[in-house]
Amino acid sequence: MNKPISVRALAAEALADIALSGHSLREVADRAFPRLPDSRDRALLTALLNEGARWWPRYDAAIDRLLDKSIRRNDPKIHALLVIGLIQLEVLELPAYAAVAATVEAVRELRRPRLAGLVNAVLRRWQRERETLNVALDATPATRHAHPAWLAAVIARDWPGQAEAIMAASNVEPPLMLRVNRNRATREDVVERLTGADQAVELHPWLADGLVLPHSTDVTRLPGFAQGDFAVQDGAAQVPADLLGLANGQRVLDACAAPGGKACHALERANVHLVAVESEAKRIPRIRQNLERLGLRATVVTGDAGDASGWWDGKAFDRVMIDAPCSATGVIRRRPDVRLHRREADIPALIAQQARILAACWELLAPGGSLLYVTCSILRAENEGVVGAFVAERADVDLVPLSLPVGQAAGIGWQILPGEGDLDGMYYALLRKR
């Protein structure tokens, strides 16, 4: 019988896939978990992958300082294993002797026994020189906050007085937020059941359907989840239902719907006819699953929100919500691999796509109707840049002023930055058609 793979060896394989091969953290983790039957091993793997992705830009740079010659290209798994070694010592603060010994043993499992001595020497050198090396890594914002250099520079340009706070907030574990399905339960009912199950939970101070749990947990095991009493949704993503001004009988378009959280929230708020459009067919089942569990009904179609010719029935919508494809720079704290996969060169294409979708969906909106443009980006070019250019070209647009308990006005619209109100970063602009 083959010896089961250790957590650290499996984590090195997976982290190399995430950081060096471009695969998503969720995709890689889903493949890795079945190989670890023990729940404690799965918990350690989760921590190593999340923190490895989160802090890769810092400790990837540290490895370059510790090696005379890079092994990133020729031995990517061992390079990733070195990063994991530093994550154990610096972030997870595991006992040094055990962490180093287990990491060196993982080299042999990865069939690179000749590099065991190198891995041991690098980790021992880090322990000897950690103070000096940490000072050097803290000297620049990119490695201090583990952000790619291009993104650190753009954040500093867009938010000069808040750049440090933004990047620091993106490295803090976020709370788990729930959205209570008011069709099936009240917040107080859900709190009572969760408290009875020894789960710490609080009412969100200003989101009408929001609950806050201090730490992540397996929500599928919480009382009421299977019955559709609540869904997982960050508070910033719960804001659109408040801004849309929903009422019974309206026709509502969710133009970029997957995974369906905002569409479901709209349906929980009012008896509307909602059309959920998603361009990627593989993401449609997730929308349907969420609707079914929550006891909601919508018309779900696969289609391009930027070209309605293939799916629109010709009837105008009273409300349109565009959760536009974007850089996801506002949700890095929840999706740490974004910092590894997003490139500065991606932004112009995203802006063009956002502008195309906004222009196309505006044509589907009835006179007097409202369109809410949303992104989970903090980059001004994707937000007020896109909306401002659109408004400048149109004579039939009225801007609706926005104000929320957290965040700030951002040209045309409102911006919540990561960590403000303990929420994800998100941008909103509300337009009314004359």
message: Between helix 284-294 and the chain, what is the angle of the helix's C-alpha long axis to the longest principal axis, kept within 0 to 90° and rounded to the nearest 10?
response: 70
- request: Using just the alpha carbons, could you tell me how many Å³ per residue the convex hull of the range 181-239 encloses?
  value: 82
message: At 7 Å along Cα-to-Cβ for each site, give me the label-to-label distance between Leu203 and Ala281 in nm.
response: 4.7
The range 45-116 shape via C-alpha gyration tensor axes, a/c threshold 1.5: oblate
- line: Here the longest stretch of the chain that holds no GluC sites (Glu not before Pro) in a DSSP loop having at most 12 other beta carbon atoms within 10 Å is 94-279
field: Under 12 Å from the Ala316 label point (7 Å along Cα→beta-carbon), backbone N, the range 391-434
entry: 433-434
task: Working with all protein chains in place, sort Tyr427, Tyr97 by solvent-accessible area computed with a 1.4 Å probe, largest first.
output: Tyr97, Tyr427
- request: Quick one: angle between helix 149-158 and the longest Cα principal axis of the chain, in degrees between 0 and 90, rounded to 10, please.
  value: 40
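Relative to the present Cα-Cα distance, how much length would full extension add between Glu93 and Ala247 at 0.36 nm per residue of separation?
Working: separation 154, 0.36 × 154 = 55.44 nm, distance 5.18 nm.
Result: 50.3 nm gained on full extension.
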task: Order the following by accessible area, largest value first: Thr140, Thr375. Probe radius 1.4 Å; ligands, DNA and RNA are ignored.
output: Thr140, Thr375
Gain upon complete extension [Ala101, Glu173; 0.36 nm per residue less C-alpha separation]: 23.1 nm
- prompt: How do Trp150, Trp312 stack up against each other in accessible area, from largest to smallest, with a 1.4 angstrom probe?
  reply: Trp312, Trp150
field: Full-extension gain in nm, Arg221 to Arg31, via 0.36 nm per residue minus C-alpha separation
entry: 66.2 nm
Efficiency of FRET between Asn271 and Arg432 - r from beta-carbon atoms, R0 25 angstrom, step 0.05: 0.65
task: Rounded to the nearest Å, what's the spacing between the alpha carbon centres of the range 358-414 and the range 319-337? Just the number, please.
output: 15
statement: With all protein chains in place and a 1.4 Å probe, Arg394 shows an accessible area in Å² (nearest 10) of 80
query: Once label points are set 7 Å from the Cα along Cα→Cβ at both Val135 and Ser309, what is their separation, rounded to one decimal in nm?
result: 6.5
query: When the C-alpha atoms of the chain are aligned to their principal axes, what extent does each axis show, in angstrom, from largest down?
result: 71, 48, 40
field: Rounded tilt (10° steps) of 384-393 against the dominant C-alpha axis of the chain
entry: 30
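The values are calculated or read from the model by the stated rules, or taken from the named source; none is laboratory data. Keep in mind the model is a prediction, meaning the values are calculated, not measured. For neighbour counting, all protein chains shown are included, and Cβ atoms are generated from backbone atoms with ideal geometry for every residue, glycine included. Heavy atoms of the whole protein, side chains included, go into the accessibility calculation; ligands, DNA and RNA do not. Shrake-Rupley method; radii C 1.70, N 1.55, O 1.52, S 1.80 Å.
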